[in-house]
Amino acid sequence: MRPPTTPTTLRLGSQAYAPGRPVVMAVLNRTPDSFYDRGATYGTAQALDRVDRVVAEGADVVDIGGVKAGVGADVDRAEELRRTAGFVATVRDRHPELVISVDTWRADVADALCAEGADLVNDAWAAADPRVAEVAARHGVGLVCSHSGGLAPRTDPAGVTYDDVVADVVTGTTSLAERALRLGVRADGIVLDPTHDFGKTTAHSLELTRRLDELVATGWPVLVALSNKDFVGETLDLPVDRRLTGTLAATAVAAWQGARLFRAHQVTETRELVDMVASIRGDRPPAAPRRGL
């Protein structure tokens, strides 16, 4: 299959998402040191409670990760799998129709988690392990193609410059998507993520948000992971627990420009926002129209 030139249906697991249908991806960190919840879902019982809750709140996808994205204590492959493999299998049994995403850059970890029932590999580190795409192809699952500015996993940016950050993101993510296609990843399972904050300054992330339509114009479904990120905090000079309003503002801009997947900590607020934007765009009818009828 060739890369799309116009938006197409996205297929993940047993679900199909037509263009104009916003997809909410709930964050679930099986880590003791996550930047946002500080380990609130590290325990199995707490993590399962969150899965049940976000599904009830309208999440389409749950994104399960076992390693903090930023700098922190080393987590080897065995520990990452200890945190995630059995849990993915449990969630698969508990919610058979739920789309399960796994947040990992390691091919062997992705392989094990796909065997347990994952539907999407969310590789936020831009093929740092190039075998991840081969894993996605072998299992017939979806793949997120991201942009990290060449940084190694779990590396904070320093002195980052681009001639044109948006052009770099478009070139980098579409090149990874085309490589994934050549390796056999399904075209209708490939997603692009500009990857705000990763390898970028706050100014870069703001420009990406402002010009997101240029990435959307590639025809590939675009995922945005904006939730409570540093670029929001630095823009408004707010700590992580006060970034919801800024996150929702950035999410609304991204939704209006055509982003299709939204990775979020606060699911209820994100679901309501993206559905409202979809209705304003004309992609979604009002849920309960009565006024003046």
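No lab work stands behind these numbers, since they all come straight from the coordinates. Not measured: the values here are computed from a predicted model. All Cβ positions, glycine included, derive from the backbone under ideal geometry; neighbour counts span all protein chains shown.
Counting only DSSP beta bridges with both residues in the chain, the antiparallel share comes to about 10 percent.
Using 0.36 nm per residue of separation minus the Cα-Cα distance, give me the extension gain between A89 and A73 in nm, one decimal.
Working: separation 16, 0.36 × 16 = 5.76 nm, distance 2.57 nm.
Stretched out fully, the A89 to A73 stretch lengthens by 3.2 nm.
Computed over the Cα atoms of the range 202-293, what is the convex hull's projected area averaged over all directions, in nm²? It would help to have the intermediate numbers written out before the result.
Details: hull surface 27.2 nm².
Value for the range 202-293: 6.8 nm².
Calculation over all alpha carbon pairs of the range 20-281 in 5 angstrom steps from 0 returns a P(r) of 1, 6, 14, 19, 22, 19, 13, 5, 1, 0 percent.
Taking the chain as a Gaussian network of alpha-carbon nodes connected by springs under 10 Å, the highest mean-square fluctuation of the residues D76, D188, D213 belongs to D76. Would you mind telling me which residue in T270, T84, T235 has the biggest mean-square fluctuation in a Gaussian network model of the chain, where springs connect alpha carbons within a distance under 10 angstrom? Looking only at T270, T84, T235, the largest GNM fluctuation is found for T235. Counting only Cβ charges, +1 for Lys and Arg and -1 for Asp and Glu, the dipole size of the range 20-281 around its Cα centre is about 280 debye.
As a calculated quantity, the FRET efficiency between T44 and D241 at R0 = 22 Å, using C-beta atoms, amounts to about 0.35.
In the neighborhood of R30, defined by Cβ-to-Cβ distances under 12 Å, what is the net charge if each Lys or Arg adds +1 and each Asp or Glu adds -1?
Taking every Cβ under 12 Å from that of R30, the sum is -2.
For the range 56-102, which semi-axes, largest first and in whole Å, follow from the square roots of 5 times the eigenvalues of its Cα gyration tensor?
Numbers: eigenvalues 110, 36, 8 Å².
Its equivalent ellipsoid spans semi-axes of 23, 13, 6 Å.
Counting only trypsin sites (Lys or Arg not before Pro) that sit in a DSSP loop (anything but H, G, I, E, B) with at most 11 other Cβ atoms within 10 Å, what is the longest stretch of the chain containing none of them?
On the way: sites that count: R290, R291.
The segment 1-289 is the longest one with no such site.
Within the listed set D283, D163, D60, the residue fluctuating most in the Gaussian network model of the chain (springs between alpha-carbon atoms under 10 angstrom) is D163.
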